[in-house]
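Notes for the one structure printed next.
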Amino acid sequence: MKTALSQLAVERPRHLKDALQRMSGSLADERLTPLAGGTDLFVYLNAGTHRGTRFLDLSPLAELRGIKATRTGIRIGALETFDRIARHPKMGGWPLLVQAARCVGAAQIQNRGTIGGNIANASPAGDSLPVLLAYDAIVHVASTRGERTVRFADLQTGYRQLAMESDELIVAVEIPAVAPKAAQFFRKVGTRAAQSISKVVFAGVLVPGRGGVMEHVRLAWGSMAPITTRAPRAEAALLGHKPSVQAAAWAGVALGEDLVPIDDIRSDAEYRLDAARNVLAQFLRASHAGYRG
Ligand SMILES: Cc1cc2nc3c(=O)[nH]c(=O)nc-3n(C[C@H](O)[C@H](O)[C@H](O)COP(=O)(O)OP(=O)(O)OC[C@H]3O[C@@H](n4cnc5c(N)ncnc54)[C@H](O)[C@@H]3O)c2cc1C
């Protein structure tokens, strides 16, 4: 049943410290639910599946905004929307996040939906999440106890479970610079181009070393497991080899051991695995002009 909006309370903090104090104070009673773009939360309220009645509006928090180059890469505030990320001139070195941002919902959702919300919502189909995994991103979270960093790879601990305390907020995500010669690839497989939840979503980074052999490989997948996941066996099958028909075949076999996809209303496991193998082969072809597997 729809939640009656008249029964909901929204608090509006003035700055991050104020927000963190309110989050901490709320644990004694009913935990405040952080509210960013609302694109996930409003769906839950409409479906009557969100239990909380008290919300903390994050929109006044300037500390959660900004896309800034750092000494080692780029820092993106948690409140940055996918539209801002896709258009920002400093995002050129991270094309996979730009491409993922352009695939989230459609223009309306990209205008409101934030990267912090995508991370915190922790859907296995979240489109920015394989990108953050492939880029070895670091997430900054804060509470009244201070700010700490956690590797995105360590943040998701189970289906919609995050290694965060209930009073913590995501402040920003930091992505290291990518080697200039890296091959980067993003692919979302859905039923249509917009407003479609991924059947398979992939982000790959491949850095060739001496002689063109792959010396750094990240293959990150969404919608293939309860959490966004890398494919360690397939990565190992590629490391130390040049992209080739043979390497793609080894990696394709290994992918079947790494990924045990589920059957659900969007797709079945067999389709998902076939699609993932095709996407991987596409990445390897695109990354090496001489290889036509
Ligand atoms: C029509 C439609 C299409 C969609 N299509 C896609 C799609 O293609 N791909 C995709 O990945 N997603 C999609 N989504 C889901 C959604 O838009 C994204 O997950 C979006 O990034 C959520 O961000 P938000 O700011 O709207 O989060 P909100 O709805 O405000 O919050 C989501 C969750 O995150 C928590 N939260 C938000 N910010 C913080 C923070 N800084 N710290 C701690 N917790 C926080 C909230 O408490 C809540 O639990 C779609 C949604 C709709 C309605």
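At-a-glance table
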| item | result |
| --- | --- |
| Residue in region 155-165 that is among the basic types (Lys, Arg), outside any helix (DSSP H, G or I) and in the same structural domain as Val141 (by TED's automatic domain parsing) present | yes |
| Answer residue from region 31-60, given it is open to solvent by less than 80 Å² (accessible area, probe 1.4 Å) and hydroxyl-bearing (Ser, Thr, Tyr) and is farthest from the chain's Cα centre (by Cα) among those | Thr53 |
| Filter pass, Thr72 being among the hydroxyl-bearing types (Ser, Thr, Tyr), open to solvent by 50 Å² or more (accessible area, probe 1.4 Å), in contact (Cβ under 8 Å) with a residue 24 or more places away in the chain and within 24 Å of Thr149 (Cβ to Cβ) | yes |
| Residues within region 154-169 that are buried (at least 16 other Cβ atoms within 10 Å of the Cβ) and out of contact with any helix residue (DSSP H, G or I) (no Cβ under 6 Å at 6 or more places or on another chain), tallied | 5 |
| Meets criteria (open to solvent by 20 Å² or more (accessible area, probe 1.4 Å), more than 26 Å from Val207 (Cα to Cα) and near the ligand (Cβ under 9 Å from one of its atoms)) for Asn121 | yes |
| Residue check, Leu97 in contact (Cβ under 8 Å) with a residue 60 or more places away in the chain, in contact with a Ser or Thr (Cβ under 7 Å, 6 or more places away or on another chain) and open to solvent by 70 Å² or more (accessible area, probe 1.4 Å) | no |
| Members of region 35-76 found to be among the small types (Gly, Ala, Ser) and within 9 Å of the ligand (Cβ to nearest atom), listed by number | Ala36, Gly37, Gly38, Gly52 |
| Top-ranked residue of region 4-14 - restricted to ones that are within 14 Å of the ligand (Cβ to nearest atom) and open to solvent by 30 Å² or more (accessible area, probe 1.4 Å), ranked as modelled with the lowest pLDDT | Leu8 |
| Filter pass, Ala172 being small (Gly, Ala, Ser) and surrounded by fewer than 19 Cβ atoms within 10 Å (Cβ to Cβ) | no |
| Residues (aromatic (Phe, Trp, Tyr), closer than 19 Å to Gly209 by Cβ and surrounded by fewer than 18 Cβ atoms within 10 Å (Cβ to Cβ)) located in region 241-290 | Trp250 |
| Members of region 106-118 that are closer than 19 Å to Val189 by Cβ, surrounded by fewer than 22 Cβ atoms within 10 Å (Cβ to Cβ) and within 6 Å of the ligand (Cβ to nearest atom) | Ile109 |
| Ala28 more than 23 Å from the chain's Cα centre (by Cα) and open to solvent by 60 Å² or more (accessible area, probe 1.4 Å) | yes |
| When residues of region 124-139 are limited to those that are open to solvent by 20 Å² or more (accessible area, probe 1.4 Å) and touching a residue at least 60 places away in the same chain (Cβ under 8 Å), the one farthest from the ligand (Cβ to nearest atom) | Asp136 |
| Qualifying residues in region 170-199 (those that are more than 13 Å from the ligand (Cβ to nearest atom) and assigned to a strand (DSSP E or B)) - the one farthest from Tyr135 (Cα to Cα) | Arg187 |
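Table: residues versus (1) under 14 Å from the mean Cα position of the chain (by Cα); (2) of a type in the set (A, V, I, L, M, F, W, C); (3) assigned by TED's automatic domain parsing to the domain that holds Val200.
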| site | (1), (2), (3) |
| --- | --- |
| Arg71 | no, no, no |
| Arg84 | no, no, no |
| Ala101 | yes, yes, no |
| Gly113 | yes, no, no |
| Ala120 | yes, yes, no |
| Ser143 | no, no, no |
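The values are calculated or read from the model by the stated rules, or taken from the named source; none is laboratory data. Given the structure is predicted, the values throughout are model-derived calculations rather than measurements. So basically every Cβ, Gly included, is an ideal-geometry build from the backbone, and we count neighbours across all protein chains shown. With ligands, DNA and RNA removed, areas are computed over all heavy atoms of the protein, side chains included. Shrake-Rupley method; radii C 1.70, N 1.55, O 1.52, S 1.80 Å.
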